[in-house]
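The values are calculated or read from the model by the stated rules, or taken from the named source; none is laboratory data. Worth saying up front: this structure is predicted, and the values here are computed from it rather than measured. Note: ideal-geometry Cβ built from the backbone for every residue, glycine included; neighbour counts use all protein chains shown. Surface areas here come from the heavy atoms of the whole protein model, side chains and all, with no ligands, DNA or RNA. Shrake-Rupley method; radii C 1.70, N 1.55, O 1.52, S 1.80 Å.
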Amino acid sequence: MDCPNEHGRMELKSMARELPFRGKRVKFRARHYVCPVCGIEADDLDLGAANQKAFSDAYRRTVRLLTGEQIIEGRKKLNWTQEDLARAANVGIASVKRWETGQIQTKAMDDILRRILGGKEASHDAYTGNRPLSLARIKLVLGKFSAFLERNLLRPTDKMLYAAKYLWYADMVAFRETGQGMTGATYAALPHGPQLNNYADLVVLIREAEEGQAEPLTEHEERILARIAKAFPSNQSIYRAAHKEQAYTSRANGELIPYTDADRIKAV
Ligand SMILES: [Zn+2]
């Protein structure tokens, strides 16, 4: 690359950088073309992308998220393609490509990736209802509820205050009747009722999930959803009922609600 100030060829130099990002000081090594005469710095496209990746990986190391290399390594250990990982994590292949090349995943997504890549099947976990978490299935269940209720449960700015209660009943009743929840979601007892654990991170991912990739609902599961929708036609009715459930009231603020409490569910 030549100097834009017409000093001839620039030199490729590696240098230590420190940038503030999301409340942290991120230290990383960047490479730039530098003019030996006027000192001006420039990147070409490849260098720009490499610097962006170095920065993103340094930030991810700082806050203990998996780096792009770690995601690639973990995937290769399982002999998986990017598509295999996308399917397991219930995301589009574009997301996997972006995380591997430098986009920063959320903490919730990082937890999911670690679980999948670590080979730690959570399928018999008391907090996931004997099912791996499926964001696509959460979206599928919310879509089915919306159809039964004739109103949209997942609106654009929704924080899932009510939608999560419909999900909670669906998962708990399904677990009670079939020994398996519907979505693999984990719930916490929050002041406003049972809520998806990490809901603030998950809600974005749920909205982006593709319900077509989810395991279809069984007839029994559909009947459960119909019963819940019939029992709670309004948000207020499910809000009140959930607050009275012992499975909720017996838990401290922030405590996780195990699926084994499903036997205590009274309203459905
Ligand atoms: Zn120059």
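Out of curiosity, is Ala241 surrounded by 15 or more Cβ atoms within 10 Å (Cβ to Cβ) and within 19 Å of Thr183 (Cβ to Cβ)?
Spelling it out, it is not the case that Ala241 is surrounded by 15 or more Cβ atoms within 10 Å (Cβ to Cβ) and within 19 Å of Thr183 (Cβ to Cβ).
The helices (runs of 4 or more DSSP H) falling completely within region 154-262 that include 2 or more residues that are at pLDDT 90 or above and over 26 Å from Arg87 (Cα atoms) map to 163-178, 219-231, 235-244, 246-249. If the condition is being β-branched (Val, Ile, Thr) and surrounded by 15 or more Cβ atoms within 10 Å (Cβ to Cβ), then region 78-94 contributes only Val91. The set of residues in region 210-238 that are closer than 21 Å to Tyr127 by Cα and open to solvent by 60 Å² or more (accessible area, probe 1.4 Å) contains only Glu215.
When Glu18 is tested against the conditions (1) surrounded by 13 or more Cβ atoms within 10 Å (Cβ to Cβ); (2) under 26 Å from Thr101 (Cβ atoms), the lone failure is (1).
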